[in-house]
1. If I go through region 1-20 residue by residue, how many of them are within 16 Å of the ligand (Cβ to nearest atom), assigned to a helix (DSSP H, G or I) and touching a helix residue (DSSP H, G or I) at 6+ places or on another chain (Cβ under 7 Å)?
2. Could you look through region 147-168, keep only residues that are free of Cβ contacts under 8 Å to residues at least 24 places away in the same chain and closer than 14 Å to Q179 by Cβ, and pick out the one that is nearest to the ligand (Cβ to nearest atom)?
3. Go through region 46-64 residue by residue and tally those that are without any contact (Cβ under 8 Å) to a residue 40 or more places away in the chain and not acidic (D, E).
4. Quick check: anything in region 168-189 more than 27 Å from D78 (Cα to Cα), touching an Asp or Glu at 6+ places or on another chain (Cβ under 9 Å) and of a type outside the set (A, V, I, L, M, F, W, C)?
5. Applying the selection to region 75-134, what residues are surrounded by fewer than 19 Cβ atoms within 10 Å (Cβ to Cβ), touching a Gly at 6+ places or on another chain (Cβ under 7 Å) and among the polar types (S, T, N, Q)?
6. For region 157-179, indicate whether the set of residues that are hydrophobic (A, V, I, L, M, F, W, C), under 19 Å from L35 (Cα atoms) and either in contact with a Pro (Cβ under 9 Å, 6 or more places away or on another chain) or surrounded by 18 or more Cβ atoms within 10 Å (Cβ to Cβ) (or both) is non-empty.
7. Return the pairs, sorted by first residue and then second, in which the second residue is among the β-branched types (V, I, T) and in a strand (DSSP E or B), the first residue lies in region 171-200 and is closer than 14 Å to A221 by Cα and more than 10 Å from the ligand (Cβ to nearest atom), the beta carbons are less than 6 Å apart, and the residues are 6+ apart or on different chains.
8. Confirm whether N19 is surrounded by fewer than 23 Cβ atoms within 10 Å (Cβ to Cβ) and under 24 Å from S172 (Cβ atoms).
Amino acid sequence: MLRVLEGKDYNDMSRIAANMIFAQITLQPGCVLGLATGSTPIGTYNHLVECYKKGDLDFSQVTSVNLDEYRGLNGTNDQSYRYFMNEHLFHHVNIKPENTHVPDGTNPDAVKECGRYDQLIETLGGVDLQLLGLGNNGHIGFNEPDDNFEKGTHCVNLTESTIKANSRFFSSMEEVPTQAYTMGIGNILQAKKILLIVSGTAKADIVRETFTGPITPRVPASILQLHKDVILVGDKAALSKL
Ligand code: GLP
């Protein structure tokens, strides 16, 4: 089932999304949060950090598993997703560092690393709430448009359009890694709850395609139509074509 919540702008959308995560942690202090990177969740993380600083939120029993990581990047590299998470959330709240998980981009053995990550998610008992952003081409995590859906954590070749979109964070296109380790569609669908956040006019078409178009691996996020508990939080602009 899909529930749609609209915020008037980016900040309002971020506040609503943070409130959902706030509620999850309050109701289940030892929950497993699936976390995402990209520019969209930054506002959500800022709101959560504020709640923590006010003393309203306690991350001490929370465990997190991130969706993806660039292959080849070390956590100390400021373009890695581990670095992003440390900067935007982990270093500002009382989550235990050992309870934060991101695929290890430095492990050259893709099969081993992806297997380890799937095993980890299983050992944790699965994800209670999965936060997702939406790529311009409908990707979630780094599940790019393809002929079929990949179930488990796997190594992907990033598409030209994703490399281009993500090059805004790098000094040149050549520096953007071309591969990543990402949770698969199966991992994402197994989360008990999914919170998809979208912002801006540029996402309006893909949001409409995701939720009203056919379910196809060509628009990976369209599979979310089959999940029983999806909350879509967006600003007016991103939801304008729904
Ligand atoms: C990246 C991430 C995704 C993210 C997407 C959208 O490629 N791997 O997890 O959802 O970008 O990013 P943004 O929110 O910046 O549009």
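1. 5
2. Start the filter on region 147-168 by keeping residues that are free of Cβ contacts under 8 Å to residues at least 24 places away in the same chain, which leaves 157-160, 163-164, 166-168.
Restricting the remaining residues to those that are closer than 14 Å to Q179 by Cβ gives 157-160, 163, 166.
Numbers: N157: 13, L158: 8, T159: 10, E160: 13, I163: 9, N166: 6 Å.
My answer is N166.
3. The first filter runs over region 46-64 and keeps only residues without any contact (Cβ under 8 Å) to a residue 40 or more places away in the chain, leaving 47, 50-51, 53-62, 64.
Subsequent filtering for residues that are not acidic (D, E) retains 47, 51, 53-55, 57, 59-62, 64.
Summing the residues that are without any contact (Cβ under 8 Å) to a residue 40 or more places away in the chain and not acidic (D, E) in region 46-64 gives 11.
4. Checked region 168-189: at least one residue is more than 27 Å from D78 (Cα to Cα), touching an Asp or Glu at 6+ places or on another chain (Cβ under 9 Å) and of a type outside the set (A, V, I, L, M, F, W, C).
5. None - no residue of region 75-134 is surrounded by fewer than 19 Cβ atoms within 10 Å (Cβ to Cβ), touching a Gly at 6+ places or on another chain (Cβ under 7 Å) and among the polar types (S, T, N, Q), so the list stays empty.
6. no
7. From residues that are closer than 14 Å to A221 by Cα and more than 10 Å from the ligand (Cβ to nearest atom), the pairs are I194/V230; L195/I231.
8. Details: surrounded by fewer than 23 Cβ atoms within 10 Å (Cβ to Cβ): yes; under 24 Å from S172 (Cβ atoms): no.
Taking the combined requirement at face value, the residue does not satisfy it.
The values are calculated or read from the model by the stated rules, or taken from the named source; none is laboratory data. All values derive from a computational prediction rather than experimental measurement. All Cβ positions, glycine included, derive from the backbone under ideal geometry; neighbour counts span all protein chains shown.
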